[in-house]
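The values are calculated or read from the model by the stated rules, or taken from the named source; none is laboratory data. Only a predicted model underlies this, so the values are computations on that prediction, with no experimental measurement involved. Here the Cβ positions follow ideal geometry from the backbone for every residue, glycine too, while neighbour counts run over all protein chains shown. Quick note on the areas: whole protein, heavy atoms, side chains included, nothing else; ligands and nucleic acids left out. Shrake-Rupley method; radii C 1.70, N 1.55, O 1.52, S 1.80 Å.
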Amino acid sequence: MIKSLQLLIKAFGQLIFPHTCSACGSDTLHPDAGVCSSCLYQLPLTGYHQQNGNAVEEIFWGRITLQHAAACCFFTKKSRVQSIMHQVKYNHRKDAALQIGEFMGHQLLSASWLPDVDLLLPMPLHKKRLYQRGYNQASLLCEGMESVIKIPLLTTAISRRNETISQTSQQRSDRWENMQNVFEVSEPDKLAGKHVLLVDDVVTTGATLEAMGEQLLRVPELKLSIYCFAYTLPH
C-alpha cells in the first residue's frame with residue numbers, strides 16, 4: 001500500500017514537474033541525470049584534446065601563450081549541444097551541467113597532457129549575473145570534471161570586475177574591446193608556478209578566454225591550458 005502510494009506521488013510529481021532530457025526533451029532518463037544516455041552517445045565529439053594544432057588552439061595563436069587548448073564537442077545551431085547549453089544557462093539545469101562536466105572529464109582522461117595539470121579554474125561570472133542565475137555553469141562543469149579526473153578545483157583565484165553586454169552577435173574585434181579590464185586574478189599566490197586549466201562552456205572567437213588568459217599569464221611561472229564544452233564552428 002505504502003509503495004503504491006509512493007509510486008503514485010512520484011508519477012503525479014513527474015506530471016506536474018516533468019524531469020526531461022535537456023537535449024531532446026525525453027522523460028526516459030535517470031532521476032539524477034540531466035541528459036539521457038542516447039543524447040550523450042550522439043554528442044558530436046571533436047577529439048581535439050588529442051590533437052596538437054587543433055582549431056581551438058589556432059584561435060589563440062599569436063594572441064596568448066597556451067600549453068594546450070581543446071573543446072569537447074562541436075556547437076551548431078538547433079543541435080543537442082545548443083539545447084543543453086540553453087537549458088543550463090536559462091532553465092536552471094544544474095544537473096545537466098554537472099553531468100556534462102563528468103562527460104568532459106571522461107573525454108579528457110585520454111589526453112597525454114592531463115597529468116601535467118595542477119588546477120581547474122572555472123571562467124568567473126560577474127556577481128550580478130551569478131545572483132540572477134544562482135550558479136556559475138563553468139563551476140558546475142569543473143565540479144563534474146573534478147569527480148572524474150581528480151584534479152582540484154579553485155573558484156576563488158580569479159574574478160570578473162565588470163559586467164559585460166551579451167557578445168552573441170558581436171564581431172571578434174568588438175568582443176575583444178568589450179572584454180578589456182574585465183577580469184582580475186584575486187589570489188595569484190595560489191596560482192604561481194602552477195599549470196592551470198581554464199574551463200568555460202563555449203569558445204567562439206576566444207575573446208573572453210583571451211582576456212582572462214592575459215591576466216593569468218601575468219602570474220609568475222604560470223602555465224595555461226583551456227578546455228571548453230563546445231567549439232562554435234565557423235559559418
Under 7 Å between Cβ atoms, which residue pairs at least 6 apart in sequence (or on different chains) link something in region 78-90 that is at pLDDT below 95 with a partner that is of a type in the set (S, T, N, Q) and buried (at least 17 other Cβ atoms within 10 Å of the Cβ)? 89/137
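Residue-wise test of (1) within 14 Å of residue 125 (Cβ to Cβ); (2) open to solvent by less than 30 Å² (accessible area, probe 1.4 Å); (3) touching a Leu at 6+ places or on another chain (Cβ under 9 Å); (4) at pLDDT 95 or above.
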| residue | (1), (2), (3), (4) |
| --- | --- |
| 149 | no, yes, yes, yes |
| 162 | yes, no, no, no |
| 168 | no, no, no, no |
| 177 | no, no, no, no |
| 196 | no, yes, yes, yes |
| 207 | no, yes, no, no |
Only one of (1) farther than 19 Å from residue 106 by Cβ; (2) at pLDDT 90 or above; (3) open to solvent by less than 10 Å² (accessible area, probe 1.4 Å) is not met by residue 144, so which one is it? (1)
I need the full set of residues from region 92-120 which are under 28 Å from residue 188 (Cα atoms), of a type in the set (Gly, Ala, Ser) and open to solvent by 20 Å² or more (accessible area, probe 1.4 Å), in order please. 112
Filter region 18-75 down to the residues that are part of a helix (DSSP H, G or I) and hydroxyl-bearing (Ser, Thr, Tyr), then identify the one that is modelled with the highest pLDDT. 48
Yes or no: residue 85 in a helix (DSSP H, G or I), under 16 Å from residue 233 (Cβ atoms), open to solvent by less than 60 Å² (accessible area, probe 1.4 Å) and hydrophobic (A, V, I, L, M, F, W, C)? yes
Only unsatisfied item for residue 40, checking (1) under 18 Å from the mean Cα position of the chain (by Cα); (2) open to solvent by less than 20 Å² (accessible area, probe 1.4 Å), is (2)
The residue that is modelled with the lowest pLDDT, considering only those in region 107-134 that are in a helix (DSSP H, G or I) and among the polar types (S, T, N, Q), is 132
Cβ-Cβ below 7 Å, separation at least six or inter-chain, first residue in region 48-60 and over 9 Å from residue 71 (Cβ atoms), second open to solvent by 30 Å² or more (accessible area, probe 1.4 Å): which pairs? 50/110; 57/66; 60/66
Residue 14 passes all but one of (1) modelled with pLDDT of 95 or more; (2) touching an Asp or Glu at 6+ places or on another chain (Cβ under 8 Å); (3) in a helix (DSSP H, G or I); which number fails? (1)
So which residues in region 109-126 are touching a residue at least 12 places away in the same chain (Cβ under 8 Å) and more than 13 Å from the chain's Cα centre (by Cα)? 109, 110, 111, 112, 113, 114, 116, 117, 118, 119, 126
Restricting region 61-74 to residues that are out of contact with any Lys or Arg (no Cβ under 8 Å at 6 or more places or on another chain) and surrounded by fewer than 22 Cβ atoms within 10 Å (Cβ to Cβ), which is nearest to residue 37 (Cα to Cα)? 74
Residue ID - nearest to residue 109 (Cα to Cα), chosen from residues in region 218-235 that are at pLDDT 95 or above and open to solvent by 60 Å² or more (accessible area, probe 1.4 Å): 223
